[in-house]
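A quick write-up on the structure given underneath.
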Amino acid sequence: MWRHGVVLILGMSLVACAGGPEPMLRSNAKLQLQGQEAAKLDVADCQKKAEVAGLKPGTSNRSGNVAAGATLGLIAGAAVGATSGLIGGVPGVTIGAAVGATLGVIIGSVGGAYRPLDPDPPYGDAVVRCLFDKGYDVSGWQ
């Protein structure tokens, strides 16, 4: 049982290392002409310009999404597990809640890790506008 906890904590810490939202560039003539490396530099330049203007990317990050998903999964899993364990009396409720909570944390963490990241709207608008002015098409954020 403790091994599952170690694996979960390790996975969450790796996900927490992921950075904030990045714009996804749609393939167009500009991207094909410049290449991925030049596009990454242009994205970094647009992000820097937005930050210099006083805009912040926001607090949306993978670790926050994982934590929120894990918390929601813990609560929902424990409730469902306890309810399904009612037939077995107190031991059934206890075991059901523990198993449900564990599965809920795992499923919630994975779901939270894959939730899309969105920047604060003013920051996102400024970065998208800057990239558009440079000739790129932004299809979303990752």
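Neighbours of Leu31, meaning other residues whose beta-carbon lies under 13 angstrom from its beta-carbon, give a summed charge of +1 when Lys and Arg score +1 and Asp and Glu score -1.
For Lys30, the aspartates and glutamates whose Cα falls under 19 Å of its own Cα, not counting residues fewer than eight places away in the same chain, are Glu22, Asp42, Asp45, Asp133, Asp137.
The stretch between Lys40 and Val52, if pulled fully straight at 0.36 nm per residue, gains 2.5 nm over its current Cα-Cα span.
A cut-off of 5 Å between modelled amide H atoms, ignoring neighbours fewer than 5 places along the same chain, links Gly140 with Met24.
Arranged from fewest to most other beta-carbon atoms within 10 Å of their beta carbon, Glu51, Glu37, Glu22 become Glu37, Glu51, Glu22.
A short reminder: the numbers here are calculations on the coordinates, not readings from a lab. As the structure is a computational prediction, the values presented were derived from the model and not from experiment. Using ideal geometry, Cβ is built from the backbone for each residue, glycine included, and neighbour counts are taken over all protein chains shown.
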